[in-house]
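First up is the structure itself, then whatever we jot down about it.
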Amino acid sequence: MSHVPHELREDFPEFEDRIHELKENHAHFKRISEEYHVLNREIHRIEVGEEHVSQFSEDDMRKKRILLKDEIYALLKSG
């Protein structure tokens, strides 16, 4: 499998410790980061041709990933 872009630790290396801390101690952060991870992997499978979906579905998935990432970033910055 090729490199998967958009991994949280790669996109936010300055928050690596905070990501770990929140996954352990913040239920909502844990849930949305897991949702982000699953969605990110699914998008990657589409990109490499392992799965096929309509362009509309792929666009919706990408929008959802952006929204999740924005929420994750906001939680990383708070506190």
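FYI, it's all coordinate maths here, none of it is from the lab. Worth saying up front: this structure is predicted, and the values here are computed from it rather than measured. Counting neighbours? That spans all protein chains shown, and the Cβs are built from the backbone with ideal geometry, glycine included.
General observations
- Among complete DSSP H helices in the chain, those whose alpha-carbon atoms stretch at least 18 Å along the helix's long axis and whose mean Kyte-Doolittle hydropathy reaches -1.0 are 27-47, 55-77.
- Annotation: Cα Rg of segment 8-77 relative to the compact-globule expectation 2.2 N^0.38 Å equals 1.19.
- The GluC sites (Glu not before Pro) of the chain that meet both conditions, a loop assignment by DSSP and at most 15 other Cβ atoms within 10 Å of the site Cβ, are E7, E50, E51.
- Rounded to the nearest 20 debye, the dipole size of segment 8-77 about its Cα centre is 200 debye, using +1 on the Cβ of Lys and Arg and -1 on the Cβ of Asp and Glu.
- Calculated [θ] (222 nm, deg cm²/dmol) that DSSP helices of n ≥ 4 give over the chain, each run adding -39,500 (n - 2.57): -24000 deg cm²/dmol
- Total formal charge among the other residues, if their Cβ is under 12 angstrom from that of L76, Lys/Arg +1 and Asp/Glu -1: -2
- Point-to-point label distance, K63-R9, nm (Cα→Cβ direction, 7 Å offset): 3.2 nm
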